[in-house]
Amino acid sequence: MGLRRKETCTPRMQEGMVRLATWMPFRQAGEQLEFFMGTAVGATTIRQTTEQAGEAQVHLQEQQVARLQADCPPSPSGPEVQQLSVDGAFLQLVGENGKRSKRWPWAR
């Protein structure tokens, strides 16, 4: 991603820092990194490296958006008002015959 190289950190270690720091607090990421890589890295270094990687990712995404906006034709106009409904339960509440499923009696 073109991150500035830290004097003691390999690109693989930087990647490990960033991946761990997106899952857990910086101090804990340092403890895990030391356990797996055998090198102690401070929470401040991990925070700075992770923020730098985030800035690089934002820059890449902004470039991609600009390219897409420049290359894609404008969207066709649609109706003034549109409605969207999403079912986030991932459960089949209606059986094959169109009646409520007996598997889920609470879904009435």
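The values are calculated or read from the model by the stated rules, or taken from the named source; none is laboratory data. For clarity, every value in this text was computed on a predicted model and none was experimentally measured. Heads up, the Cβs are rebuilt from the backbone with ideal geometry, glycines too, and the neighbour counts pull from every protein chain shown. These area figures cover heavy atoms from the full protein model, side chains too; ligands, DNA and RNA do not enter into them. Shrake-Rupley method; radii C 1.70, N 1.55, O 1.52, S 1.80 Å.
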Has region 20-38 got at least one residue that is at positive phi, not acidic (Asp, Glu) and not in a helix (DSSP H, G or I)? yes
Those residues of region 45-57 that are farther than 12 Å from residue 14 by Cα and open to solvent by 60 Å² or more (accessible area, probe 1.4 Å) come to a total of 2
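Does region 74-89 contain at least one residue that is out of contact with any strand residue (DSSP E or B) (no Cβ under 6 Å at 6 or more places or on another chain), open to solvent by 70 Å² or more (accessible area, probe 1.4 Å) and assigned to a helix (DSSP H, G or I)? It would help to see each step written out before you state the result.
Step one: filter region 74-89 for residues out of contact with any strand residue (DSSP E or B) (no Cβ under 6 Å at 6 or more places or on another chain), giving 74-89.
Among the residues that remain, those that are also open to solvent by 70 Å² or more (accessible area, probe 1.4 Å) are: 74-77, 79-87.
Keeping just the survivors that are assigned to a helix (DSSP H, G or I) gives none.
No, region 74-89 contains no residue that is out of contact with any strand residue (DSSP E or B) (no Cβ under 6 Å at 6 or more places or on another chain), open to solvent by 70 Å² or more (accessible area, probe 1.4 Å) and assigned to a helix (DSSP H, G or I).
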Of the candidates 3, 68, 60, the one satisfying the condition of being within 22 Å of the chain's Cα centre (by Cα), surrounded by 11 or more Cβ atoms within 10 Å (Cβ to Cβ) and at pLDDT below 95 is 3
Counted residues in region 32-44 being out of contact with any Gly (no Cβ under 8 Å at 6 or more places or on another chain) and surrounded by 10 or more Cβ atoms within 10 Å (Cβ to Cβ) come to 4
